[in-house]
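Notes follow the structure.
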Amino acid sequence: MKVTTARGTIEVGDVGEGRPVVLLHALALSGRLFDPLAADWAARRRVLTPDARGHGGSDWDGRPFTGEDLADDVAALIETVVGGPADVIGMSMGGSTAVLLAERRPDLVSRLVLADATADYGPDRVASWAERAEKAVNVPREKQVDFQIDRWFSPSFVQSRPDEVRRVCDIFVATDSAAHAAACHALGTVDAAGGLGTITAPTLVLVGDEDYATPPTMAEQLATGIPDAHLEVLTATRHLSLIQRPDVWPSIEKHLDS
């Protein structure tokens, strides 16, 4: 459905009833990434899966934006749709967005899950993400897929679940290249490590032990910096852990319900 907020129109999936949880997707994908998880949880909670600006069906005016802009978009969505705090789960880009949201608007985040995420991509983040942005617009999307698959999923998952790999690839290919590039630049602006100590939401940090996009050292920084955060490292798992490892969904629910 389309939701008009003070910060623009956002496309958001909205299924189930009960305590609301907002799922924030990875770079160059959309809220549809979480369709299997949303379907599994819909009987027990209200699941909101927004598209980041320029991704999926959400509007974007074509101008540059920052990580803070992405976080403020989610804040506006929660205020408009929920009217109060919600549990928030962010993966990859969605995880960085969730960190910024929890720092900027702690009143809107009840419990937090950060998967394959970081608060800071390092001293070369601006230059490295600018290079990624250039590739996003200059390389045909189909030709970017092999690079993405290798980052997203371990070889065993690619072999055992080609249907799920194809589903995620289809979302990626359909993403607007200009929005992909703008989001790359936005990730280059993320510098949230200094505010981790201000996060008040009980936090679960997840990371795959084979994740080289946001490696375990970045997850450790989150878990160390956020008060009373808990870290779980998932074996034989790469960057899209919540898709590759549905067996961890129950432990996430346990965190949300505790």
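Residues in the stretch 136-149 include at least one that is crowded, with 19+ Cβ neighbours inside 10 Å and either under 16 Å from the mean Cα position of the chain (by Cα) or in a loop (DSSP other than H, G, I, E, B) (or both). Out of curiosity, is residue 164 surrounded by fewer than 23 Cβ atoms within 10 Å (Cβ to Cβ) and under 22 Å from residue 10 (Cα atoms)? Spelling it out, it is not the case that residue 164 is surrounded by fewer than 23 Cβ atoms within 10 Å (Cβ to Cβ) and under 22 Å from residue 10 (Cα atoms). Just so you know, in the stretch 41-54 the residues that are touching a strand residue (DSSP E or B) at 6+ places or on another chain (Cβ under 7 Å) and among the hydrophobic types (A, V, I, L, M, F, W, C) include one that is surrounded by the fewest Cβ atoms within 10 Å (Cβ to Cβ), and it is 42.
The C-beta contact set for the stretch 244-258 (first residue in contact (Cβ under 8 Å) with a residue 24 or more places away in the chain and at negative phi, second residue among the acidic types (Asp, Glu) and surrounded by 10 or more Cβ atoms within 10 Å (Cβ to Cβ), distance under 6 angstrom, 6+ apart or interchain) comprises 256/87. For the residues 76, 28, 38, the requirement of being surrounded by 24 or more Cβ atoms within 10 Å (Cβ to Cβ), at pLDDT 95 or above and either within 17 Å of the chain's Cα centre (by Cα) or under 27 Å from residue 188 (Cα atoms) (or both) singles out 28. Go through 95, 57 for me and flag whichever is at pLDDT 95 or above and either surrounded by 23 or more Cβ atoms within 10 Å (Cβ to Cβ) or closer than 25 Å to residue 211 by Cα (or both). Just a single option satisfies the conditions, and that option is 95.
The values are calculated or read from the model by the stated rules, or taken from the named source; none is laboratory data. Keep in mind that what you see is a predicted model, and the values were worked out from it rather than measured. FYI the Cβ positions are ideal-geometry reconstructions off the backbone, even for glycines, and counts take in every protein chain you see.
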